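Data block below; observations after.
The values are calculated or read from the model by the stated rules, or taken from the named source; none is laboratory data. Just so you know, these numbers come straight off a predicted model, no measurement behind them. Every residue, glycine among them, receives a Cβ derived from its backbone with ideal geometry; neighbour counts consider all protein chains shown.
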Amino acid sequence: MSEGRASALEAASSRAATHSPRKVTIAFAAVYLFWGSTFLAIRYGVQTIPPLLMTGTRHLIAGVVLYAIARLRGAPKPQPKHWLAAASVGALLLLCGNGALSWSEQVLPSSVAALLVATVSLWMIIVEWLRPGGHRPTLRIATGLAFGFLGVVILVSPRTPFFNRVSRRSILLPLLRSSWAL
């Protein structure tokens, strides 16, 4: 792990230690509510709006709001190199991440899509391991990922009720969602 990343993680964990358990619980509840409802909202949205148009509009609105908040808080105006980096990450997230999810949810139930997206953590570990200077996962991390991935496999296997609703798009979804790991 790079020095900058390590110090950022240490700073984040020291800030987290100073928050009350009540605030942490509220923050987790908000993440679960907003992140979890995304799959259902996309499922309803793709019934009337083309998937990439819906996702692109959502990203555009979020980007404008976050840019305005950052500038109001005193953040400097981004340089061209920052825009280029943001555009490349944004393209991966828009087209391969949420775009693939929205495209898949035209035929997949939101519950199956959420299960398949759960493989993102596996891709993050693989990319970290394979990148130059990356770290090999510990036995504990590998075991946790194996059990988590096994759970996803069991839930979407041919012997479960979910499988009848799985299409070819579901095979592509975890692969395209791996862009989150980059």
Would you check if VAL112 is over 18 Å from ALA41 (Cα atoms), touching a helix residue (DSSP H, G or I) at 6+ places or on another chain (Cβ under 6 Å) and in contact (Cβ under 8 Å) with a residue 40 or more places away in the chain? no
Looking for something in a helix (DSSP H, G or I), in contact with a Ser or Thr (Cβ under 8 Å, 6 or more places away or on another chain) and surrounded by 11 or more Cβ atoms within 10 Å (Cβ to Cβ) - is there at least one such residue anywhere in the range 60-75? no
Going through the range 103-124 in order, the residues found to be buried (at least 17 other Cβ atoms within 10 Å of the Cβ) and out of contact with any Lys or Arg (no Cβ under 9 Å at 6 or more places or on another chain) are ALA114, LEU115, LEU122
All but one of (1) within 19 Å of the chain's Cα centre (by Cα); (2) on the phi > 0 side of the Ramachandran plot hold for GLY74; state the number of the condition that does not hold. (1)
Looking only at residues in the range 24-48 that are in contact with an Asp or Glu (Cβ under 9 Å, 6 or more places away or on another chain) and closer than 19 Å to LEU115 by Cβ, which one is surrounded by the most Cβ atoms within 10 Å (Cβ to Cβ)? ILE42
For the range 10-52, enumerate the residues that are more than 19 Å from the chain's Cα centre (by Cα), assigned to a helix (DSSP H, G or I) and at pLDDT 85 or above. PRO21, ARG22, LYS23, VAL24, THR25, ILE26, TYR44
Please specify each residue of the range 83-98 satisfying the condition of being without any contact (Cβ under 8 Å) to a residue 60 or more places away in the chain and either under 13 Å from ARG58 (Cβ atoms) or of a type in the set (Lys, Arg) (or both). GLY90, LEU94, ASN98
Could you check how many residues of the range 62-75 are of a type in the set (Val, Ile, Thr) and under 15 Å from ALA87 (Cα atoms)? 1
